1. Quick check on this structure: which one of C:G91, C:G9, C:G69 is without any contact (Cβ under 8 Å) to a residue 60 or more places away in the chain, more than 18 Å from C:E193 (Cα to Cα) and either outside the structural domain of C:F152 (by TED's automatic domain parsing) or of a type outside the set (F, W, Y) (or both)?
2. For region C:8-57, which residues satisfy the criterion of being of a type in the set (G, A, S) and either away from chain B (no Cβ under 14 Å) or more than 26 Å from C:P119 (Cα to Cα) (or both)?
3. Restricting to region C:142-189, what's the tally of residues that are among the polar types (S, T, N, Q) and outside any loop (DSSP other than H, G, I, E, B)?
4. Kindly evaluate C:E99 against the criterion of being touching a Ser or Thr at 6+ places or on another chain (Cβ under 8 Å) and acidic (D, E).
5. Any chance you could count how many residues in region C:197-227 are under 30 Å from the mean Cα position of the chain (by Cα) and more than 9 Å from chain B (Cβ to nearest Cβ)?
6. Report whether or not C:M85 is buried (at least 24 other Cβ atoms within 10 Å of the Cβ), away from every other protein chain (no Cβ under 14 Å) and in contact with a strand residue (DSSP E or B) (Cβ under 6 Å, 6 or more places away or on another chain).
7. Condition first: touching a residue at least 60 places away in the same chain (Cβ under 8 Å), within 7 Å of chain B (Cβ to nearest Cβ) and among the hydrophobic types (A, V, I, L, M, F, W, C). Can you find one or more residues in region A:14-27 that meet it?
8. Does region C:158-182 hold any residues that are surrounded by fewer than 24 Cβ atoms within 10 Å (Cβ to Cβ) and under 22 Å from C:R287 (Cα atoms), and which are they?
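The values are calculated or read from the model by the stated rules, or taken from the named source; none is laboratory data. Just so we're clear, the structure is a prediction, and the values are computed from it rather than from any experiment. Here Cβ is always computed from backbone atoms with ideal geometry, including for glycine, and neighbour counts include all displayed protein chains.
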Amino acid sequence: MAKFKGAVVVNTERCKGCELCVEACPSHVLGMSDQVNSKGYHYSEMKHEDDCIGCAACGYVCPDACITVYKITI
Amino acid sequence: MTTKDIINPANLVYGKTKLLTENPMHYCPGCSHGVVHKLIAEVIEEMNIQDKIIGVAPVGCAVFAYNYIDIDWQEAAHGRAPALATAIKRLQPDKYVFTYQGDGDLAAIGTAETIHACNRGENIAIFFINNAIYGMTGGQMAPTTLEGMKTATCPYGRNTELNGFPLKISNLLAELDGTCYVTRQSVQKMASIVRAKKAIRKALQNSIEGKGTSIVEFVSTCNSGWKMSPHQSNKWMEENMFPKYPLGDLKDTETVHKGAK
Amino acid sequence: MEDFKLMKGNEAIAHAAVRCGADGYFGYPITPQSEVMETLMELKPWETTGMVVLQAESEVAAINMVYGGAGCGKKVMTSSSSPGMSLKQEGISYIACAELPCLIVNVMRGGPGLGTIQPSQADYFQAVKGGGHGDYRLIVLAPSTVQEMADFVGLGFDLAFKYQNPAMILADGIVGQMMEKVVLPPFKRRRTEDEVRQECPWGTTGKLPNRKRNIITSLALEAEVMENINLKLQAKYRDIEKNEVRFEAHQCEDADYILVAFGSIARICEKAMEAARQEGLKVGVLRPITLFPFPTEEIKQLTKKVKGFLTVEMSAGQMVEDVRLAVNGAVPVEFYGRMGGVIPSAEEILAVLKEKLIK
């Protein structure tokens, strides 16, 4: 059975720190950064990138279309 | 294979559609509006109808929708979007026309325009954001506010004796012969989002096939108005909104007009 | 050989609308103007020219349909009477700010409130001074004959598109309901989609790759931006005032006293003028045709030669204020009016002229 490995890129300036992507990720990859963007929002980032399977749940639930998702088959 | 290797355009699975402009959306963090805007833009891109579609924006938080989705737009007066859409569609029958409205716009001040556009079976799609509150003006009671729910104009909770009952407008509209498709969707989790996107596409497809009026109600959150976090709002919505406004198709019929184009 | 037809003013509006290539009419029944929509429905132009004719659920819905259609660059119109016009004021304000062309017909009846179905001229303020909110103006045409009812449809649309501004035909119930001979305008075909895109590149016709998205809106939250929009509108109104004044003057060259009236009342004033002349009184009639822009300059010129003006209206006195502004205190400006649908007679007018001015 094919396995997937994924990675996501967050547009940190567009992110408003709503944390819905963190909640949506089935593999608990994402978390909020200690850093803030120019608007003062903590943005989300991959905390456990090795666990990302590229399912794009984060991308789907993001209200600001911040997340680009990549995936390969291994 | 490192993360750097995976991040490559060849491996792209999901990204912002180019029909969503670069303008940062002014909605509150976690607001359902953003997700629905995104889905509508994605559907328009996938259907390849950017040059054939006109949207009618409401008065409400989404008053600036025209800054976010790259199509022709008209800004309607509060509640009047279905009247504008009626004319835009009848005068340009080969175009796709949709309205995007909140609960005050569609079910309070705009009730007559909503009902009569649906009753005439106008070949338009109506996208209805129901978050049971008036967000833009600071969190006042809406026709769809739940019993007991606290808002700025019912600070002790909606009292049915004083304020009447939550208005299940989609149920009313499903009763009208002019509507061909009436459905309730949500966008708080991936599976729901996938279904909601299909509903948007179906509504637009119905409109160009001359089948009558389609209404997609998005049962939504307003975490600012509800005074909760986005995560808490999703839970509150699932526990309280869904029982009153159950998801699913209220109506899905064939063409309502004889001899429709 | 001109082809005269005999019909009501309201019917003439409907025929003229089809003949000038209108794309759409949206209306709601109200006395005394329901014949406009009824005639359109009988003509069935959707089968001949493709014109859309739709009975809306209210006057509010109708004006918003006009807004939507106008936003696409289409030639659209609505008609109503006084109480229905009150309902339309919100939509009219939006249309004016969004700089859209359209034609609105008001066949005035007595008010205020639900009023009467008898004729009136008491919506002058509403039409000319702006019944909706904000700083805007309508181009207002006041017909006095069934022929003018027919002619002003094409003229109204032309002015509306020239200035991207709503235009209004402000008719009283008399000219709406009376029957007279009329020569209808020749048929002009509706514009094609390409012609609409060409004439109205700002219209929401679908965003083609060669342009930015078109947004029809009247919202501007930043004060400076909103002020600039208003300055642009004001510049447009100054243009209109300079270029589009229309009036009719009867025997004003040697007049000592001038009756100022619009619409049907001007015709009654002409009868009073003829009677006055029979008695050796030098009386003239000035009939403004455009109420906005008002013939201020013409009145100023006349002020230099006459001893006084009598403004006659079917109201408590609305246009008289604009006459007074133009005269600016140089000579007396008197007023005579009947309300509630009562139509003044020529004899009454002459008697009042003698009593108030020719003492």
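1. That would be C:G91, the only listed residue that is without any contact (Cβ under 8 Å) to a residue 60 or more places away in the chain, more than 18 Å from C:E193 (Cα to Cα) and either outside the structural domain of C:F152 (by TED's automatic domain parsing) or of a type outside the set (F, W, Y) (or both).
2. Correct list: C:G9, C:A12, C:A14, C:A16, C:A17, C:G21, C:A22, C:G24, C:S34, C:G50.
3. Matching residues across region C:142-189 total 2.
4. It is false that C:E99 is touching a Ser or Thr at 6+ places or on another chain (Cβ under 8 Å) and acidic (D, E).
5. Result for region C:197-227: 9.
6. When the stated conditions are applied, C:M85 passes them.
7. Checked region A:14-27: no residue is touching a residue at least 60 places away in the same chain (Cβ under 8 Å), within 7 Å of chain B (Cβ to nearest Cβ) and among the hydrophobic types (A, V, I, L, M, F, W, C).
8. C:D158, C:L159, C:Q177, C:M178, C:M179, C:E180, C:K181
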